[in-house]
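Working notes for the structure below.
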Amino acid sequence: MLFLITSLIIIIVIFDLIWKNRFNKSLKQPFAIPLFGNLHQLGESPHEALQLMSKIYGRVYGMWFGSRYTVVVNDMDVAREIFVKRFDNFIERPKLPSLASASANFKNLAVADEYWWKMAKKKVANTFQKTQLMHHAYDLIHSESMRFVEALGKYSKQGEPVQPRRLCQRFAFNVILQYAFSDSVSYEIKSQNEMLGNERSLNELVESIDAFFKIVANGNLCDFIPALYPVYYSYLSKYGPHLKVHQLITDVYKKHQETIDIDNPRDLIDHLIIDSMNNTDTSIDKDLDQIQNILIGFDFFIAGSDTSSNTLEWFILMMANYPEIQEKCYSELETLLKPTGQVLLSHRRETPYLNAVIKEVMRIHPVAPLGLPRISRESCTLENGIEIPAQTQIVLNIGSICRDEKYFDTPMQFIPERFLVDNNLPQHVVFGLGNRSCAGSQLAMDEIYAAASNILLNFKISTLNPNETISEKEKFSLTIHPVEHYFVNIQSRK
Ligand code: HEM
């Protein structure tokens, strides 16, 4: 009996080995081992590992995430063909248990299947167009950036160094909290023991989001071995870190339903509730529709906090490391705006250099370097002869494209001027491509501009030691942030 079982396992292993390594003749791939495929090669920094592989296997190559065949795209032309031209075949994301448990089986926006995605996309597009919500966003982003400046002002008055991470997190959290839920938290950083109510739950939320990102980030084996799906799915559905965030948003949603004034919607959630009330399509299940609204709130929270917060953290780091670039930004802002002491979003056209600096920070440290994966519905052959089998996972390596000399001269150097000279550089890839690219890109660009410009107008940022720069090493956890929890000095410009 034991002999039979051992023989069977050996046969399966050999079959898996041959199958994985001869699967797609049209693409090169690293040698894949049974069961894991190439997952063991991703390590702590999958975006860097995948970029290194592109040097060996080409700009588009195959690999295995467990039993899921994957094509990694490091090339803009192929990316455009897949994500824009052949959008319909690549509209969905892979059906991973970690994503299923957090999205009521793909009924949200960020990882929804085609049916639910189309519904969610329509709802979000409808609400985005509402002028009330646009004004709300404009005002709250401005007032939030002034609160950020005020919080930094306290450090500069006391002459204390500041650790930007937690302040950036609060800023990004507050923008989403106010935009979606009309709520906010204070900027005061308290110790664990001092925290009360709102403050403690914010901390727990940040931890839950971190834990959720860790689960979906580094190619978790349980997500890529179908035999493990059911157990993993039930485990996450009972104990997953997303549950806390779901609970919070469900409570807020219910409160909104009780207090809504349909003539004066306060925020995104109110707009979604009204949109659902006005929807006369009888084929839509009302309970599921409500679940989807809650999940959209969840998506905004998850997708919109870490991304913007990390971008700002990178921005502050780069300004400390490149004082001469910081000075140029300041001169541009000072000439225009010093008398008011405040930059508005409407000033953006008049600050081309700062706009270029923000773009360059987002290029050199793209916070979502692997985007969110997609999946092919049917097999197809691309224009250059590459074959993509059905159900192939597609990973767009945004980090690699942003650092490729095919698209950017001397890509590892921080040169904002490149965006003043050439308007057509493909930096927009940081938000993904096509109809399913980032739903919050406009909001993100607005909040990053508002915070970055007002910080630079009011403070000079410097490293603690004038002879040292802060490490630009990246830590990956779905999004990337600086590996160091760094400190900077800030000095008032007034
Ligand atoms: C610097 C900031 C940000 C970056 C770099 C970023 C990047 C991305 C990327 C690369 C994707 C995957 C797109 C694809 O599959 O092609 C994405 C999706 C998404 N992002 Fe962002 N994002 C940012 C900020 C935000 C913000 C502030 C929000 C919400 C308020 C947001 C909401 C979303 C949502 C909902 C999706 C899923 C879209 C869909 O599946 O239709 N993001 N983002």
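The values are calculated or read from the model by the stated rules, or taken from the named source; none is laboratory data. Please read these numbers as outputs of a predicted model, since none were measured by experiment. Don't worry about glycine lacking a Cβ; one is built from the backbone with ideal geometry, like all the others, and counts go over all protein chains shown.
For the reader, a short list of remarks on this structure follows.
- Flag if K494 is out of contact with any helix residue (DSSP H, G or I) (no Cβ under 7 Å at 6 or more places or on another chain), surrounded by fewer than 14 Cβ atoms within 10 Å (Cβ to Cβ) and either closer than 14 Å to P323 by Cα or charged (D, E, K, R) (or both): yes
- Exclusive hit being out of contact with any His (no Cβ under 6 Å at 6 or more places or on another chain) and assigned to a helix (DSSP H, G or I), set S471, S400, S437: S400
- All conditions in (1) crowded, with 18+ Cβ neighbours inside 10 Å; (2) of a type in the set (V, I, T); (3) modelled with pLDDT under 90 hold for V124, with the sole exception of (3).
- Residues that are of a type in the set (D, E) and either more than 24 Å from T479 (Cβ to Cβ) or part of a strand (DSSP E or B) (or both), drawn from region 403-428: E405, D409, E417, D422
- Contact annotation: residue pairs with Cβ atoms under 6 Å, 6 or more positions apart or on different chains, pairing a residue in region 177-191 that is modelled with pLDDT of 80 or more with a partner that is away from the ligand (no atom under 16 Å from the Cβ), are S182/R266.
- Residues in region 56-91 that are touching a Ser or Thr at 6+ places or on another chain (Cβ under 7 Å) and in a helix (DSSP H, G or I) were compared, and the one that is farthest from Y407 (Cα to Cα) is N89.
- Scoring P265 on the criteria (1) surrounded by fewer than 21 Cβ atoms within 10 Å (Cβ to Cβ); (2) over 27 Å from the mean Cα position of the chain (by Cα); (3) not polar (S, T, N, Q) leaves a single failure, condition (1).
- Top-ranked residue in region 370-412 [being surrounded by fewer than 21 Cβ atoms within 10 Å (Cβ to Cβ) and at positive phi; ranked as farthest from the ligand (Cβ to nearest atom)]: G385
- Here S441 qualifies as within 16 Å of the ligand (Cβ to nearest atom), without any contact (Cβ under 8 Å) to a residue 60 or more places away in the chain, farther than 26 Å from E334 by Cα and under 22 Å from the mean Cα position of the chain (by Cα).
- Among residues that are under 30 Å from N384 (Cα atoms), surrounded by fewer than 15 Cβ atoms within 10 Å (Cβ to Cβ) and without any contact (Cβ under 8 Å) to a residue 60 or more places away in the chain, K85 is included.
- Here the helices (runs of 4 or more DSSP H) wholly within region 92-164 that include at least 2 residues being of a type in the set (D, E, K, R) and within 13 Å of the ligand (Cβ to nearest atom) are 114-128.
- Under the condition of being in contact (Cβ under 8 Å) with a residue 40 or more places away in the chain, away from the ligand (no atom under 11 Å from the Cβ) and either hydroxyl-bearing (S, T, Y) or out of contact with any Phe, Trp or Tyr (no Cβ under 8 Å at 6 or more places or on another chain) (or both), the residues counted in region 413-437 number 3.
- Scanning region 83-138 for residues that are among the aromatic types (F, W, Y), closer than 30 Å to Y239 by Cβ and within 21 Å of the chain's Cα centre (by Cα) yields F106, W116, W117.
- Only one of the listed residues (I302, I291) is of a type in the set (A, V, I, L, M), touching a residue at least 24 places away in the same chain (Cβ under 8 Å) and over 20 Å from I448 (Cβ atoms). That residue is I291.
- Answer from L42, L8, L2 - the residue that is hydrophobic (A, V, I, L, M, F, W, C) and under 29 Å from the mean Cα position of the chain (by Cα): L42
- Considering only residues in region 280-329 that are within 20 Å of the chain's Cα centre (by Cα) and charged (D, E, K, R), the one that is nearest to the ligand (Cβ to nearest atom) turns out to be D299.
- Of the criteria (1) at pLDDT below 90; (2) closer than 18 Å to Q342 by Cβ; (3) of a type in the set (S, T, N, Q), which one N174 fails: (1)
- Test: residue in region 345-366 that is among the acidic types (D, E), away from the ligand (no atom under 15 Å from the Cβ), farther than 26 Å from T479 by Cβ and in a loop (DSSP other than H, G, I, E, B): no
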